[in-house]
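Enquirer: One structure follows; several queries about it will come next.
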Amino acid sequence: MSRLSSPQSSRVKTKDMLIGALLRVPAQAIQRRIIKELNAAGFEELSVPHMAVLQFPGPDGVRPGMLAERAGMSRQAMNQLLRSLEALGYLVRSDVPDAGRARIIRLSKRGRAAYSKMKNILHDIEREWSAELGPKRFAKLKDILCCVWESRLTR
């Protein structure tokens, strides 16, 4: 059960790992799997950095600045990802009526299809995790993560 991601981390026993790594490693594995399966499903242009835009709750109807804040990145870096996804046909940016220079993101038809596939992949992952951990332990894990999500710990 002690799967570690690098030779350097092999010096630390899983039970001694800190919370940051215990949350980060599974999250990164999930992102890599999502991209791998999206690529296999015909969305081959998508890569892990695009997850900063596509992550829950998604970019549809959101301003670029809010997406940057959610992802913990600069507006410039987010705009580079948005330009990439726009050029690939996954989203469009448009002006917000009566809001000056404000822009809003909308998923294109292809973007909605990729986002829908991504949700299906996540449901598959949840079923697999539940089978691996057992339904009660998986439900407890989700319950604890929901408590963390709703707490001041994530602000």
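Where a number appears in this text, it was derived from the coordinates with a stated rule and is not lab data. Only a predicted model underlies this, so the values are computations on that prediction, with no experimental measurement involved. Here Cβ is always computed from backbone atoms with ideal geometry, including for glycine, and neighbour counts include all displayed protein chains.
Enquirer: Spot the failing condition for R63; the list is (1) in contact with a Lys or Arg (Cβ under 8 Å, 6 or more places away or on another chain); (2) closer than 26 Å to K36 by Cα, and only one is missed.
Expert: (2)
Enquirer: Restricting to region 132-144, name every residue that is of a type outside the set (K, R) and either loosely packed, with under 12 Cβ neighbours inside 10 Å or over 19 Å from the mean Cα position of the chain (by Cα) (or both).
Expert: Within region 132-144, E132, L133, G134, P135, F138, A139, D143, I144 qualify.
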